[in-house]
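**Student:** My structure is below; once you've seen it, I'll send some questions.
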Amino acid sequence: MNKNELDRIVFFSEHDMANGHQLEKAESILKSEIQDDYKDINDILELYNLKKYIDRDLFLKSWSSEDIDSFKVKAISYGKIIGRFIANIDETNTKPNN
């Protein structure tokens, strides 16, 4: 993804007025191919936030039903990617802040 760290997708709540803006930012990720390997925890957190929107049936009005169906399938894949990434965190691949 290699994005500006301040321009990541964030989920605040189902009722937040920023949802539309966040979903607009998410659209390019949702429409792109899923990567094989994620190395950056920030990418994983972004996928997690994106998945929260889809899991709560929060969509842009401009998305077709086919888009939404495709995005729901991708959200399932994102869950697997997130789980795999988290399961592989251990003392060999983390650095202390000191």
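**Student:** Please check: in the Gaussian network model of the chain (C-alpha springs, under 10 Å), which one of ASN42, ASN88, ASN19 has the largest mean-square fluctuation.
**Tutor:** In this elastic network of the chain, the residue with the biggest mean-square fluctuation among ASN42, ASN88, ASN19 is ASN88.
**Student:** Oh, and also: Listing VAL10, VAL73 from the residue with the fewest other Cβ atoms within 10 Å to the one with the most, what is the order? Each step should come with its number before you reach the end.
**Tutor:** Details: VAL10 15, VAL73 11.
By the 10 Å Cβ count, ascending: VAL73, VAL10.
**Student:** Which of ASP36, ASP69, ASP55 moves the most in a Gaussian network model of the chain with Cα springs under 10 Å?
**Tutor:** Residue with maximal mean-square fluctuation among ASP36, ASP69, ASP55: ASP36.
**Student:** Rounded to the nearest Å, what's the spacing between the alpha carbon centres of the range 1-66 and the range 72-98? Just the number, please.
**Tutor:** 16 Å
**Student:** Pairs to check: LYS39/LYS61; LYS25/LYS74; LYS25/LYS61; LYS52/LYS80; LYS25/LYS52; LYS31/LYS61. Give those whose C-alpha atoms are more than 24 Å from each other in this structure.
**Tutor:** Details: LYS39/LYS61 33 Å; LYS25/LYS74 16 Å; LYS25/LYS61 14 Å; LYS52/LYS80 14 Å; LYS25/LYS52 14 Å; LYS31/LYS61 16 Å.
Pairs exceeding 24 Å: LYS39/LYS61.
**Student:** While we're on this one: Spin-label point model (7 Å from Cα, Cβ direction): what's the ILE76 to ILE89 distance in nm?
**Tutor:** So the two model labels end up 2.6 nm from each other.
No value in this document is a laboratory result; all are computed from the given coordinates. Because the structure is a prediction, the values reported are computed rather than measured. Every residue, glycine as well, gets a Cβ built from its backbone with ideal geometry; the counts of neighbours run over all protein chains shown.
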